[in-house]
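Asker: Structure below; questions to follow.
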Amino acid sequence: MASKVNFPSVFDVCAIGHITKDTLRIKNSETEQPGGAAYYFSMALKNLGSNIALVTKATERDKEFLLKELIVDNTSIFYRNSPETTAFENIYPYPENLDVRIQNVTSVAEPFNIQDIPDIHSRIYHLGPLTKGDIPVEILEYLSKKGKISLDVQGFLRKIETGRVQSTNWEDKEEGLTYVSILKADEDEAKILSGCDNRKEAAVKLSAYGIDEVIITRGSNGSLIWSKEGFYSIPSFPPRTVEPDPTGCGDTYMAGYIYKRLRAFSVEESGRFAAALSSLKLERSGVFRGCEEDVRNFLESQSIKESFT
């Protein structure tokens, strides 16, 4: 059952993934908040003005807490009930180095199935699995016949052992990656997925599955994007102030990238916009709450700085 009615029939983006109940621990601080790739991605795109649908699963008891902000923003939500809600503990042991994170999982929501996918049309379907069982490869095959697939691969490379997130390879990658048009992985994930230590070699090897654009993020060290036109090295932009909560920066980056690519901006322009968006997300805890003009103004200030270096 969906959580609201009168949905549009066509969307810019349909995000599919579990919204999580996150416990964030940084030094002596602890907060509980909604999280997950689909949450950060959907909130950022919605605030940019995109027409987005969200397909997610959680328990009825957690539904109001997890979906409240999305409902307030009039997001088109296709909610599916699950016996459990995915719950993460995100621990940042070194506040001075927020690229280091320890993750624990206390519960996992029911996997998605094809029956969970609503009868809608979307230009892009963005998949944000959080654990390897979240989204079966049959859904990738099904969605590839409806529109382009954008995949944040992180969940397919995670296994849960005694409540701790551990890295693993994706057994179904030989088939699954053939359905993907835009692939996002961080540096470690790209190495696991490709077997290559060199980022450019990893991107080229992954592109051989028929992927149009491969994005490899490196946290505060920027990102690398491969497309058929070549490689693009995208810098990271230092935020003006930093809240100690980098959770969701990669998802926010992808929201900005897809937002611009759907509007026919170049790969490089889209990458720079995405990097600026994720930097703005770092300026306050939680999701990106600004607008496109905020990102443009931030990028203009960075261009001025670059012209003097």
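The values are calculated or read from the model by the stated rules, or taken from the named source; none is laboratory data. Note that the structure is a prediction, hence the values are computed from the model and not measured. All Cβ positions, even for glycine, are placed from backbone atoms using ideal geometry, and neighbour counts span all protein chains on display.
Asker: Just name the residue that is surrounded by the most Cβ atoms within 10 Å (Cβ to Cβ) out of those in region 99-123 that are within 22 Å of Gly248 (Cβ to Cβ) and in contact with a helix residue (DSSP H, G or I) (Cβ under 7 Å, 6 or more places away or on another chain).
Answerer: Restricting to residues being within 22 Å of Gly248 (Cβ to Cβ) and in contact with a helix residue (DSSP H, G or I) (Cβ under 7 Å, 6 or more places away or on another chain), the top hit is Phe112.
Asker: Ser42 fails exactly one of the following numbered conditions: (1) buried (at least 17 other Cβ atoms within 10 Å of the Cβ); (2) among the polar types (S, T, N, Q); (3) out of contact with any helix residue (DSSP H, G or I) (no Cβ under 7 Å at 6 or more places or on another chain); (4) not in a strand (DSSP E or B). What is the number of that condition?
Answerer: Going through the list (1) buried (at least 17 other Cβ atoms within 10 Å of the Cβ); (2) among the polar types (S, T, N, Q); (3) out of contact with any helix residue (DSSP H, G or I) (no Cβ under 7 Å at 6 or more places or on another chain); (4) not in a strand (DSSP E or B), Ser42 breaks only (3).
Asker: Could you list, in sequence order, all residues of region 82-95 that are touching a residue at least 40 places away in the same chain (Cβ under 8 Å), surrounded by fewer than 19 Cβ atoms within 10 Å (Cβ to Cβ) and part of a loop (DSSP other than H, G, I, E, B)?
Answerer: Pro95
Asker: What helices (runs of 4 or more DSSP H), lying completely within region 216-309, carry at least 2 residues that are at negative phi, surrounded by fewer than 15 Cβ atoms within 10 Å (Cβ to Cβ) and more than 16 Å from the chain's Cα centre (by Cα)?
Answerer: Because the criterion is at least 2 residues that are at negative phi, surrounded by fewer than 15 Cβ atoms within 10 Å (Cβ to Cβ) and more than 16 Å from the chain's Cα centre (by Cα), the helices (runs of 4 or more DSSP H) in region 216-309 that meet it are 292-307.
Asker: Here's a follow-up. Any chance region 69-77 includes a residue that's at pLDDT 95 or above, surrounded by 13 or more Cβ atoms within 10 Å (Cβ to Cβ) and in a loop (DSSP other than H, G, I, E, B)?
Answerer: Checked against the condition, which is being at pLDDT 95 or above, surrounded by 13 or more Cβ atoms within 10 Å (Cβ to Cβ) and in a loop (DSSP other than H, G, I, E, B), region 69-77 yields no hits at all.
Asker: Six or more apart or on different chains, Cβ under 8 Å: which pairs go from a residue in region 269-285 that's touching a residue at least 60 places away in the same chain (Cβ under 8 Å) to one that's assigned to a helix (DSSP H, G or I) and β-branched (Val, Ile, Thr)? Could you list them?
Answerer: Every condition considered, the pairs that remain are Leu277/Thr252; Leu277/Val295; Lys281/Thr252.
Residues checked against (1) part of a loop (DSSP other than H, G, I, E, B); (2) among the aliphatic types (A, V, I, L, M); (3) in contact (Cβ under 8 Å) with a residue 12 or more places away in the chain:
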residue: Asn47; (1), (2), (3): no, no, yes
residue: Lys57; (1), (2), (3): no, no, yes
residue: Asp62; (1), (2), (3): no, no, yes
residue: Arg80; (1), (2), (3): no, no, yes
residue: Asn97; (1), (2), (3): yes, no, no
residue: Val100; (1), (2), (3): yes, yes, no
residue: Thr106; (1), (2), (3): no, no, yes
residue: Gln115; (1), (2), (3): no, no, no
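Asker: From the residues in region 26-68 that are of a type in the set (D, E, K, R) and closer than 19 Å to Gly128 by Cα, which one is nearest to the chain's Cα centre (by Cα)?
Answerer: It comes out as Lys46.
Asker: Name the helices (runs of 4 or more DSSP H) wholly inside region 120-197 in which the number of residues that are touching a residue at least 40 places away in the same chain (Cβ under 8 Å) and not acidic (Asp, Glu) is 1 or more.
Answerer: The qualifying helices (runs of 4 or more DSSP H) are 137-144, 187-194.
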